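This report concerns only the one structure given below.
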Amino acid sequence: MNISQELAESIRAAGQEHLLRFWNDITEDEQRAFAAQLEKIDFSILPGLIRDYVLNRPRTAIPDDLGPAPYFPAVPRNDAERSLYARAEKEGRELLRAGRVCCLTVAGGQGTRLGFDGPKGTYPIGPVTGRTLFEYFAQNIIRAGWKFGHPLSWYIMTSSLNHAATTDFFRKNGWFGLKEEQVFFFTQGTMPAFGYDGKLLLASKNALSLSPDGHGGTLLALRKSGALDRMKKEGTDIISYFQVDNPLVHVVDPLFIGMHALEGAEMSAVMLSKTGPFEKLGNFCVSGGRLQIIEYSDLPQELAEKRNADGSLAFVAGSPAIHLIRRDFVEQLTASGSLRLPWHRADKKIPHIDDAGNPVVPAEPNGVKLESFIFDALPLAKKTMVMEFDRREVFAPTKNKTGVDSVESCRQMLVDRDAARLEGAGVKIPRKADGTPDALIEISPLEVLDAEDARTLAASRNIVIGPGAEVVL
Ligand code: UTP
């Protein structure tokens, strides 16, 4: 078959004729599938993207008035704050009981750093049982539904690259005890990958190399998939957003939810106090009265190191990518059926075929992927709210196999939190000389959502943990 005149012309105008180099070598079925893939690409925007993001490195403009963002501290500082936090917690519980909150996990990423063959959510992270990331969330979601008196719907964003594997995994595992209709999968968009010369890379003779368009793609995907309409129908108007690689997250947190509601925020964010000026977390900043996140790599050194009079970091607020988002905010942002968040460039190792059609698996980054980020919606919100949490309670990202933000550190933090909760409930925890627990402990997320649940668990059983023990509760 011949490719349509119009498509051929737009490919040529964008300087991407090489894409059709193997057209006559592939079967007619392959031609049809490839043409359908090419039809989905907006070739008219490519020259601008290539100029601004591939051939040149975009620089994030740092506004002159950039300052640190205000936030509610983890521990209230005075009576007024104590009573506000108590009201917020009550409000959050009421919203949960009324079924006004749903969960949203972004699981469309490729997890290249982890180097695991399969969707990241299927990774066995449990320190003793090997319970998967998806199972952690599912069981916590079930527990939260029981505890707060209303089952929670769970929206999971996949990409076309991992959708089938993800949904199969849920089917095989009986939705981890959730009702099938409680879980709604939706798929994000993709972007073609670029070689450093600005040419789109081919994954094979008849397919582009595509990658998910970043977690910023969530907002539009929520609309296009019908998820927003579904939320409206079920009466949920607050979305509790978290990433698939963080099993420590509170899938819903009544205090955070209540504060978001009392503040009338359209989008809220959890913040952690950074461990140092250059910790690799996005920085919460304000400019022109709007909240924004500046990536760690973009914050100028003098701002990163700036100190307050008491010696504390001025830009202390780091983002663990945990948000509350009002459904009507997403509805407004995507009302036209499109949403243009800024693109971010990522240099990646991108497998592809070369000009002769031979597969190439690069050892070094060889091209650029463009992604949009969910936090770029923050400055679009009229009202936002940032609240500090103790990182040991909410953040253990699984990005790498070993080292920083790894499977190892995540498992250790899961054990640490379970141990601390049990200790808080009066259970004796054997500890090593460095203070870490001298036992591997894993509490079922189906039983324990928070410290209160841990106290109930400890009161109901005689829990004895010996040095070096492996304990599953
Ligand atoms: P990361 O930025 O860690 O990316 O995603 P990643 O693709 O998972 O991992 P690397 O960089 O290739 O190693 C943070 C969160 O955002 C989700 C991921 O699934 C993860 O939960 N995400 C990321 C998406 O859902 N879609 C995307 O396009 C990118």
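Nothing in this text is a laboratory measurement; each read-out follows from the coordinates by a stated rule. What you see is a predicted model, and the numbers here were worked out from it, not measured in a lab. Glycine gets a Cβ as well: all are built from the backbone with ideal geometry, and neighbour counts include every protein chain shown.
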For the range 190-198, what does the Karplus curve 6.51 cos²θ - 1.76 cosθ + 1.60, with θ = phi - 60°, yield as ³J(HN,Hα) per residue in whole Hz, taken in order and with x for Gly and Pro?
10, 10, x, 8, 10, x, 5, 8, x
Pairwise label distance in nanometres, residue 402 with residue 168, each label 7 Å out on the Cα-Cβ vector:
3.1 nm
Can you give me the distance in nm between label points at residue 26 and residue 354, each placed 7 Å from the Cα along the Cα-to-Cβ direction?
2.1 nm
Can you list, bin by bin at 10 Å, the percent of alpha carbon pairs in the range 404-453, starting at 0?
26, 53, 21, 0
Scoring only Lys, Arg, Asp and Glu (+1, +1, -1, -1) among other residues with Cβ under 14 Å from the Cβ of residue 324 yields -2
DSSP H segments from the chain that extend 18 Å or more along their own axis, Cα-based, with Kyte-Doolittle mean of -0.5 or above:
133-148, 407-424
Counting pairs of alpha carbon atoms under 8 Å apart in space and at least six apart in sequence, what relative contact order in percent does the range 159-277 give?
17 percent
The range 21-89 - convex hull of alpha carbons, volume per residue in Å³
255 Å³
With just the Cα atoms defining each centre, how far is the range 320-350 from the range 424-460? Give it in Å.
37 Å
First select every other residue whose beta carbon is under 12 angstrom from the beta carbon of residue 94; then total the charges, Lys and Arg +1, Asp and Glu -1.
+3
What does the charge count around residue 304 come to, taking other residues whose C-beta lies under 12 Å from its C-beta (Lys +1, Arg +1, Asp -1, Glu -1)?
-1
Check residue 184: other-chain or 5+ apart residues with amide H under 5 Å from its amide H, H built from backbone geometry?
154, 155, 156
I'm a student and want to see the number: the projected area of the Cα convex hull of the range 433-473, averaged over all directions, in nm².
3.3 nm²
Can you give me the distance in nm between label points at residue 86 and residue 314, each placed 7 Å from the Cα along the Cα-to-Cβ direction?
3.8 nm
May I ask you to work out the translational diffusion coefficient for the range 292-439 at 25 °C, viscosity 0.890 mPa s, via Stokes-Einstein with Rh from the Kirkwood sum over Cα pairs, reported in whole µm²/s?
122 µm²/s
Over all distinct alpha-carbon pairs, what is the Kirkwood Rh of the range 376-439 in angstrom?
14.2 Å
For the chain, what is the Kirkwood hydrodynamic radius in Å, using each pair of distinct C-alpha atoms?
24.1 Å
With runs of 4+ DSSP H residues as the only contributors, calculate the mean residue ellipticity of the chain at 222 nm using -39,500 (n - 2.57) per run, divided by the residue total and rounded to the nearest 500.
-8500 deg cm²/dmol
Looking at this model, which pairs from 280/432; 280/349; 280/306 are more than 18 angstrom apart at the alpha-carbon?
280/432; 280/349
A correct Kirkwood calculation over the Cα atoms of the range 241-287 returns a hydrodynamic radius in Å of 12.9 Å
On the Cα set of the range 124-215, report Rg and Dmax in Å, please.
17.6, 56
Over the range 234-327, what portion of Cα pair distances is larger than 17 Å, expressed as a whole percent?
57 percent
Using Cβ counts within 10 Å as a stand-in for footprinting exposure, how do 175, 146, 154 rank, fewest first?
146, 175, 154
